[in-house]
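Scroll down for the structure; my scribbles are underneath it.
The values are calculated or read from the model by the stated rules, or taken from the named source; none is laboratory data. The shown structure was predicted, so the numbers you read here are calculated from the model rather than taken from an experiment. Glycine gets a Cβ as well: all are built from the backbone with ideal geometry, and neighbour counts include every protein chain shown. To get the accessible areas, we keep the full protein, side chains included, count just its heavy atoms, and leave off ligands, DNA and RNA. Shrake-Rupley method; radii C 1.70, N 1.55, O 1.52, S 1.80 Å.
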Amino acid sequence: MAYTPNKDTKKYFAIHEVAEIIGVTETLLRYWEKEFPTIKPKKSGRNIRQYTKDDIEEIRLVYNLVKVRGMKLSTARETIRKNREGVEGVSQVMQKLLEIRAELITIKRELEEI
């Protein structure tokens with residue numbers, strides 16, 4: 001999740017950027033797009049995917065359920081369908097905790113170098 005070029009001002013992201021942001025492969029993103037109807041990137045005239053920030057948040061939600069919590073795809077789909085708000089809340093907390101963890105690891109490394 002290291003790559004976030006101008007994430008506050010950028011409107012669309014290419015699939016390779018999203019893959020790097022989330023930490024998955026482009027192939028997995030395409031697969032999830034087929035498995036989760038809520039992941040709907042815009043496609044240009046040449047069928048090139050263009051992801052919005054909302055698309056990225058939806059992918060983060062799926063990532064949290066499938067990769068972090070270990071749910072099967074069918075269970076993740078059902079969980080999102082039944083309790084989207086609850087799942088989004090937990091996903092946001094998990095994302096924040098992962099960011100804090102990464103920051104703490106960086107601080108620890110810097111302290112070890114002193």
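Tell me the net charge near Glu103. Cut-off is 14 Å between Cβ atoms, Glu103 excluded, with +1 for each Lys or Arg and -1 for each Asp or Glu. Around Glu103, the charge tally is +2.
Sorting the segments 52-64, 94-106 by their mean number of nearby beta carbons within 10 angstrom, highest to lowest, gives 52-64, 94-106. The overall shape of the stretch 52-114, judged from the alpha-carbon gyration tensor, is prolate: a/c is not under 1.5, and a/b is greater than b/c. Strictly greater than 22 Å: what percent of every Cα pair in the chain meets that? Of the Cα pairs, 38 percent sit more than 22 Å apart. For the chain, the solvent-accessible area works out to 69 Å² per residue, with a probe of 1.4 Å and every protein chain left in place. About its Cα centre, the dipole of the chain is roughly 600 debye, where the only charges are +1 on Lys and Arg Cβ and -1 on Asp and Glu Cβ.
Could you work out the relative contact order of the chain? I mean the mean sequence separation of Cα pairs under 8 Å and 6+ apart, divided by the number of residues, in percent.
About 19 percent, as a whole number.
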